[in-house]
Amino acid sequence: MNRHASSDRADLVARTATIATEVAARHANDVDRDARFPSESFAALREARLLSAAVPRGFGGQGAGMLELGNQCAALAQGCSSSGMVLAMHHIQVACIARHGSDSPYFQKYLRENLVERQELIASITSENGTFGDTRSSICAVEVDGDAMKLDKDATTVSYGAHADAQLVTCRRAADAANSDQVLVLFPKGSYTLEQTGTWDTLGMRGTCSPGARFSGHGKPEQVVPGSFADSSAETMVPYSHILWSALWTGIATDALGRAAACVRGAARRKPGSVPPNAADLARAYVDLQTMRNNWQACAMEFDAMTATDDAAARETLGSMNWALKMNQLKMACSEAAPRLCHQALQIIGILGYKNDTPFSVGRHYRDVLSAALMVSNGRIAGKSASMLLVVKEV
Amino acid sequence: MGNESKIRAILKEHGRLAKDVDTLDDNADLYQAGMTSHASVNVMLALEGEFDVEFPDEMLKRSSFESIAAIASVVDSLTAASA
Ligand SMILES: Cc1cc2nc3c(=O)[nH]c(=O)nc-3n(C[C@H](O)[C@H](O)[C@H](O)COP(=O)(O)OP(=O)(O)OC[C@H]3O[C@@H](n4cnc5c(N)ncnc54)[C@H](O)[C@@H]3O)c2cc1C
């Protein structure tokens, strides 16, 4: 089984890249046009058993580290942004369970049977009406009564909620807990209802299918992830989100610039001997793409190195303000670089990029990456960094 | 000691706790009492001012400020070092 797992892993990124070009890219335009879930991408990933990439090997998964997961999400996003985003969000939820629930028999069984054997997909409900985008505060509270547990939540935005096999939900620890005293609770299919309360007719990331929803779940206390969300957020949800998102935004920008490069090469071929005028703009854009890629990869490698050597010490570091600042800076940098690069690709390509039906179209890429700065608002993140910088001495 | 009463006064003013500081014992979890990370920064700033110390970056983590006792030990270690 272990040999199987490691051979699975060796080509995890390559196999995902094949799915990106052969499946995800083919359907990306109609996923976008119809704002529908990229079901073909996920059927292919499930079939190739790639949805358990983030599950530790001890539970039968591929045990991929942050760098590998980032490369996987970026590869998929090059074919279809929404597919890349859904995969990244799924890995984030899996990592929260693997890194904070693995001492509990309930979550051990869930990792092995649901995530590995059945290749199930997990959605996330952190947003809530009334908390205004602040993931670190909740209004709803989990209610535990003996052997029974229940939770109701009015969420503003739930990606692929209707297409997932489980929901991982933030809430207050108890009815009398403070807003910031939160826990994560896992609800597998059959233990909840999700009633759509809004629409998802957006500029981009349309295939993530993320309308508002009223969640109502019930189950057993064992479904509450051990520990507090304050820790799982700092040690896992924030680093996985900001690094994997940055990776997939890089993937989208890579595809947009790839289209610009193909356009420039075409012009060069038509007139050998003269460098097309927009080739210099392309050269400049690739400088920024390299910076963007190196930024997330450096954070991913740092995360992998520290969690591999001493996970307890790593958790201390991940809980520090210095690390929180690093994650905020990465997220702000990449979410702002991605639309800039799509804009540059559009300028290089010109009208063929502006049209929606040419091989050089970059409108979808551009619209998709406009979500990056809003998905946990950069203004909010900058505010948190500004506050930390009042006490942090060396950045 | 005596630092605990100064710390309590600072928490009362800047901690934005959901509970009355006087009802908390020294080991009570301040985050469970409602202190957010934003409020904790204000508490840190007030502590640095009150005790004339600077928290080194490696102390800027949740556990250093999780209870009145934890804050007192951090403050003690810094004032002892500068004495
Ligand atoms: C593609 C996509 C998928 C998503 N998927 C999910 C999902 O699966 N599950 C889920 O729960 N949520 C999801 N979300 C929602 C996300 O988690 C955030 O809740 C949401 O993007 C923030 O919404 P907001 O702009 O109303 O929030 P806010 O953060 O309240 O921002 C509103 C405005 O206020 C400003 N602002 C707020 N606070 C401050 C501050 N302290 N300082 C300065 N300015 C401030 C912001 O800059 C912004 O201008 C998704 C969002 C997107 C775009």
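Computed values, structure above
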item	result
Interface area, A with B, accessible, probe 1.4 Å, both sides summed, Å² nearest 100	1500 Å²
Cross-link table A:Lys326/B:Lys12; A:Lys384/B:Lys6; A:Lys220/B:Lys61; A:Lys109/A:Lys189; A:Lys150/A:Lys189, entries beyond 23 Å C-alpha to C-alpha	A:Lys326/B:Lys12; A:Lys384/B:Lys6; A:Lys220/B:Lys61
Computed FRET value (nearest 0.05) for A:Lys109 with A:Ile351, which takes r as the C-beta separation and R₀ as 41 Å	0.15
Folded to 0 to 90 degrees: helix A:279-309 orientation relative to chain A principal axis, Cα	30 degrees
Percentage, to the nearest whole number, of Cα pairs in region A:224-289 over 14 Å apart	69 percent
Karplus-derived HN-Hα couplings along region B:41-53 (A = 6.51, B = -1.76, C = 1.60, θ = phi - 60°), whole Hz, x at Gly and Pro	5, 5, 5, 4, 4, 5, 5, 4, x, 5, 9, 6, 10
Test item: Cα-centred dipole of chain A, Lys/Arg +1 and Asp/Glu -1 on Cβ, debye	1340 debye
Mean Cα-pair separation over length for region A:3-121, i.e. relative contact order, pairs under 8 Å, 6 or more apart, %	30 percent
Value of [θ]222 nm, deg cm²/dmol, for chain A, DSSP H segments ≥ 4, -39500 (n - 2.57) each, nearest 500	-16500 deg cm²/dmol
Chain A: radius of gyration over Cα atoms, expressed as a fraction of 2.2 N^0.38 Å	0.99
Shielding by partners - mean other protein chain Cβ count within 10 Å, residues of A:306-319	1
Per residue accessible area in Å² of the protein assembly as shown, where ligands, DNA and RNA are left out and the probe is 1.4 Å	43 Å²
Label point distance in nm, A:Arg214-A:Asp165, each placed 7 Å from Cα along Cα→Cβ	2.9 nm
Positive-end residue of A:Val144, A:Ala338, A:Asn356, charge dipole of the protein assembly as shown with Cβ unit charges	A:Asn356
Full-stretch length increase - A:Asn29, A:Thr197 - with 0.36 nm per residue and alpha-carbon distance subtracted	57.9 nm
Signed unit charges on C-beta, dipole axis of the protein assembly as shown, positive-most listed residue A:Ala308, A:Asn29, A:Ile122	A:Asn29
Folded to 0 to 90 degrees: helix B:3-14 orientation relative to chain B principal axis, Cα	50 degrees
Length-normalised contact order for chain A - Cα pairs under 8 Å, 6+ apart - percent	17 percent
Rounded to 5, the percent of DSSP beta bridges in the protein assembly as shown classed as antiparallel	85 percent
Where trypsin sites (Lys or Arg not before Pro) in DSSP loops with at most 16 other Cβ within 10 Å are excluded, longest remaining stretch of chain A	A:190-354
Accessible surface of chain A [probe 1.4 Å, protein heavy atoms]: carbon and sulfur percent	54 percent
Partner chain coverage, peptide B:32-42 - average Cβ within 10 angstrom	6
Region B:1-66 versus region A:351-373: alpha-carbon centroid distance in Å	49 Å
Cα-centred dipole magnitude for region A:124-223, charges only on beta-carbon of K, R (+1) and D, E (-1), debye, nearest 20	220 debye
Note, ³J(HN,Hα) from phi for region A:366-375, Karplus 6.51, -1.76, 1.60, rounded to Hz, x at Gly and Pro	4, 5, 4, 6, 5, 6, 4, 6, 8, 7
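The values are calculated or read from the model by the stated rules, or taken from the named source; none is laboratory data. This is a predicted model, so every value here is computed, not measured. Virtual Cβ from ideal backbone geometry, glycine too; neighbours counted across all protein chains shown. In case anyone asks, the SASA skips ligands and DNA or RNA and just uses the protein heavy atoms, side chains included. Shrake-Rupley method; radii C 1.70, N 1.55, O 1.52, S 1.80 Å.
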